[in-house]
Amino acid sequence: MADKEYLTDIELYVQLVERTKHAMENYISWYQNAMSASPWNNTELNKKLLSYATKNVTAAVGLVQKLSQAKNLEDIVKIQTEFMSKQLGSLNEQTKTIVEVCTKAAQDATKRPT
């Protein structure tokens, strides 16, 4: 009986991971299509945003995988705390880089002859 429940849990876990990956892949595909239609296409900012979106989605998939393997509430809190700490650090770095890219683009735009 316990083996059957364990197999059911594994099957549910695999389904959850696959659905999450599929949803994230769809999001990245949508994002790429949206950015290719934007005036920022093929700019450094577009490349950074796409890179960060991919990185963040990958981190979210990793979070789901880790949470699905948690054995108790303590594991869940630890996993979520580590994830949030890491993501806040990433957000800080990503924001800094985006500001730098936008500042450079604005400076370049003001240098162009009109």
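Identify, please: which residue in segment 53-89 is among the small types (G, A, S) and over 22 Å from S29 (Cβ atoms) and is, among those, surrounded by the most Cβ atoms within 10 Å (Cβ to Cβ)?
S68
Looking at segment 8-17, is at least one residue within 19 Å of the chain's Cα centre (by Cα), part of a helix (DSSP H, G or I), surrounded by 10 or more Cβ atoms within 10 Å (Cβ to Cβ) and modelled with pLDDT under 75?
Yes, because at least one residue in segment 8-17 is within 19 Å of the chain's Cα centre (by Cα), part of a helix (DSSP H, G or I), surrounded by 10 or more Cβ atoms within 10 Å (Cβ to Cβ) and modelled with pLDDT under 75.
Among L49, L88, which is the only one that is closer than 18 Å to Q32 by Cβ and of a type in the set (A, V, I, L, M, F, W, C)?
L49
Can you pull out the residues in segment 46-70 that are among the charged types (D, E, K, R) and at pLDDT 85 or above?
Filtering segment 46-70 down to residues among the charged types (D, E, K, R) leaves 47-48, 55, 66.
Matches in segment 46-70: K48, K55, K66.
The values are calculated or read from the model by the stated rules, or taken from the named source; none is laboratory data. Just so you know, these numbers come straight off a predicted model, no measurement behind them. No Cβ is skipped: glycine too gets one built from the backbone with ideal geometry, and neighbour counts run over all protein chains shown.
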